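Enquirer: If you scroll down you'll find the structure; I have some questions about it.
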Amino acid sequence: MPRLIPTSHADLMPSRDLLPMLERKSRSDRAETTAAAHGVATDPAFGSVVPPLYLSSTYEFAGFDTPRAYDYGRSGNPTRDLLAQALAKLEGGADAVVTPSGMAALDLLLGRLRRNHLVLAPHDCYGGTLRLLKARADLGHLTFRLTDQRDFGGFEAALSDAPALVLIESPSNPLMRVTDIARLSTLAKAAGSAVAVDNTFLSPALQQPLSLGADYAIHSATKFLNGHSDVIAGAVIAAEPQEAHDLKRWANVTGAVAAPFDAWLTLRGLRTLFARMSSQERSAMTIAEYLDAHPAVRHVHYAGLPDHADHEVARRQQRGFGAMMSFELEGGVPAVRRFLAHIRCFTLAESLGGVESLVAHPATMTHLDMGPEARERAGIRDELLRLSIGLEHIDDLMEGLELGLGAC
């Protein structure tokens, strides 16, 4: 596998333990406990149960030529590092970099590629991912190709051009297509390619791409990891220690690191990740079954339904089906307008993964920049709506949907 280009920076501090007490206070290797309690009661100064927020941009040296564990906030911050440690443990990786956004997390990987490096990406990827790839390619920083990653023959053919990086998005946004991560990772590594998986939709609570053979897991931490729609942040988790070290060095060079308060808020949100995902998934299954049987709905995209094309793959590589789905209405755009005018309990807004339920129209919102031709190739039709299921009572969500569908 070709290594993504490492960088050097003389001022970067070597890796270090964030808090000497952390290992001694470690409660368990179980993921639920890591999410709920990593860093809890490790404050050596005052015994604070909740990890303190370190806002300082700079740190005092112990003396001439004697830096402490932290010297400057871009190079390292105790709060940000605590979140990185928690995410690395949850994903089963060596370490993580916490970035200012999910797009910054992806660009942390892309920014280390050279002009002759090829990126293979899914043909139905998130609109922001495609926009970033196009922008980098237009500047001559890389080349990219879109492939249907469920077409193994076509994917293998594309690997003959020795891509430096394979991007996987599973489930995909917004069509919830599930990619066989283990199979594609095996094929990619045999061709010498690194593999990065966008795990935003499921989070490590329901899927661990690194355990399936990926080299990197990418997150928009804005979504399920934080879970409260009040933070913009991202993360990259690397499977191998050297790759994690190189990513941290590159983040220091570029300054692509999250603010301490955003990291603290994300860590706070992470405490309830498993409880939130469990409740949201239960409601999502009920809603998917309801939509699947409704005469105003043409098709439901949710891998939890037994007749979904990727149901078996999802059952094999995921620990659940998540809280995201999309569906197509009979009646086209006029039906979409009527539905959105009458639906209740769902807010028309972009983003996802928060405690509140959201509805989005990808063609005019999240995937507008793709253009009509690219959306058509990807299967993103004008009558498609995407739902992010929150924590409201299931009866209220169902009543809200019924009001919208009744107007169609």
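The values are calculated or read from the model by the stated rules, or taken from the named source; none is laboratory data. A quick note: this is a predicted structure, and the numbers were derived from the prediction, not measured. Because the Cβ atoms are built from the backbone with ideal geometry, glycine has one as well, and the counts that use them run over all protein chains shown.
Enquirer: Go through (1) assigned by TED's automatic domain parsing to the domain that holds ARG381; (2) crowded, with 21+ Cβ neighbours inside 10 Å; (3) without any contact (Cβ under 8 Å) to a residue 60 or more places away in the chain for MET324 and report which single condition fails.
Expert: Failed condition: (3).
Enquirer: One residue is enough: does segment 192-201 have a residue meeting the conditions of a type in the set (A, V, I, L, M, F, W, C) and more than 13 Å from the chain's Cα centre (by Cα)?
Expert: There is at least one residue in segment 192-201 that is of a type in the set (A, V, I, L, M, F, W, C) and more than 13 Å from the chain's Cα centre (by Cα).
Enquirer: Kindly establish whether SER220 is in contact (Cβ under 8 Å) with a residue 12 or more places away in the chain, over 12 Å from the mean Cα position of the chain (by Cα) and on the phi < 0 side of the Ramachandran plot.
Expert: For SER220, the condition - in contact (Cβ under 8 Å) with a residue 12 or more places away in the chain, over 12 Å from the mean Cα position of the chain (by Cα) and on the phi < 0 side of the Ramachandran plot - is not met.
Enquirer: Follow-up question, since we're still on this one. Residues being within 24 Å of LEU270 (Cβ to Cβ) and in contact with a Gly (Cβ under 8 Å, 6 or more places away or on another chain): count how many of those fall in segment 325-353.
Expert: Qualifying residue count, segment 325-353: 1.
Enquirer: If I ask for residues that are in a loop (DSSP other than H, G, I, E, B) and surrounded by fewer than 18 Cβ atoms within 10 Å (Cβ to Cβ), which ones from segment 393-408 would you list?
Expert: HIS393, ALA407, listed by residue number.
Enquirer: Does ASP124 fit the bill of being at pLDDT 95 or above and farther than 19 Å from ALA205 by Cβ?
Expert: Taking the combined requirement at face value, the residue does not satisfy it.
Enquirer: A further question on this structure: Between ARG131, ARG112, ARG145, which is of a type in the set (Lys, Arg) and buried (at least 19 other Cβ atoms within 10 Å of the Cβ)?
Expert: ARG112
Enquirer: Tell me which of these LEU110 doesn't satisfy, since it passes every other one: (1) in contact with a strand residue (DSSP E or B) (Cβ under 6 Å, 6 or more places away or on another chain); (2) in contact (Cβ under 8 Å) with a residue 40 or more places away in the chain; (3) not hydroxyl-bearing (Ser, Thr, Tyr).
Expert: So the condition that LEU110 fails would be (1).
Enquirer: Taking segment 172-231 as the region of interest, how many residues are farther than 14 Å from MET277 by Cβ, assigned to a helix (DSSP H, G or I) and of a type in the set (S, T, N, Q)?
Expert: 3
Enquirer: Any idea how many residues of segment 366-408 are charged (D, E, K, R) and touching a helix residue (DSSP H, G or I) at 6+ places or on another chain (Cβ under 7 Å)?
Expert: So the answer is 5.
Enquirer: Can you say whether ALA303 is surrounded by 22 or more Cβ atoms within 10 Å (Cβ to Cβ), at pLDDT 95 or above and in the same structural domain as SER56 (by TED's automatic domain parsing), as far as the supplied structure shows?
Expert: No, not satisfied.
Enquirer: Sort through ASP230, ASP246 and tell me the only one that's farther than 27 Å from GLU376 by Cβ and surrounded by fewer than 17 Cβ atoms within 10 Å (Cβ to Cβ).
Expert: After applying the criteria, what remains is ASP230.
Enquirer: Residue check, SER229 against (1) polar (S, T, N, Q); (2) assigned by TED's automatic domain parsing to the domain that holds GLU392; (3) in contact with an Asp or Glu (Cβ under 8 Å, 6 or more places away or on another chain), all met but one. Which one?
Expert: With respect to (1) polar (S, T, N, Q); (2) assigned by TED's automatic domain parsing to the domain that holds GLU392; (3) in contact with an Asp or Glu (Cβ under 8 Å, 6 or more places away or on another chain), SER229 is out only on (2).
Enquirer: Give segment 330-345 a look and list any residue that's within 18 Å of ASP396 (Cβ to Cβ) and not in a loop (DSSP other than H, G, I, E, B), or say none.
Expert: Answer for segment 330-345, where residues must be within 18 Å of ASP396 (Cβ to Cβ) and not in a loop (DSSP other than H, G, I, E, B): PHE339, LEU340, HIS342.
Enquirer: In addition: Out of ARG377, ARG381, ARG386, which single residue is assigned to a loop (DSSP other than H, G, I, E, B) and either of a type in the set (D, E, K, R) or at pLDDT 95 or above (or both)?
Expert: When all the criteria are applied, what remains is ARG381.
Enquirer: From GLY331, GLY371, grab the single residue that is surrounded by fewer than 16 Cβ atoms within 10 Å (Cβ to Cβ) and under 19 Å from PRO122 (Cα atoms).
Expert: On inspection, the qualifying residue turns out to be GLY371.
Results for (1) surrounded by fewer than 22 Cβ atoms within 10 Å (Cβ to Cβ); (2) closer than 21 Å to PHE261 by Cα; (3) under 18 Å from the mean Cα position of the chain (by Cα), shown as yes or no for each residue.
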residue	(1), (2), (3)
GLU60	yes, yes, no
THR66	yes, no, no
ARG74	yes, yes, no
ARG80	no, yes, yes
GLY92	yes, no, yes
GLY102	no, yes, yes
ASN116	yes, no, no
VAL119	no, no, no
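Enquirer: Tell me yes or no: at least one residue of segment 346-354 is assigned to a loop (DSSP other than H, G, I, E, B), in contact with a His (Cβ under 9 Å, 6 or more places away or on another chain) and under 29 Å from ALA205 (Cα atoms).
Expert: Within segment 346-354, one or more residues are assigned to a loop (DSSP other than H, G, I, E, B), in contact with a His (Cβ under 9 Å, 6 or more places away or on another chain) and under 29 Å from ALA205 (Cα atoms).
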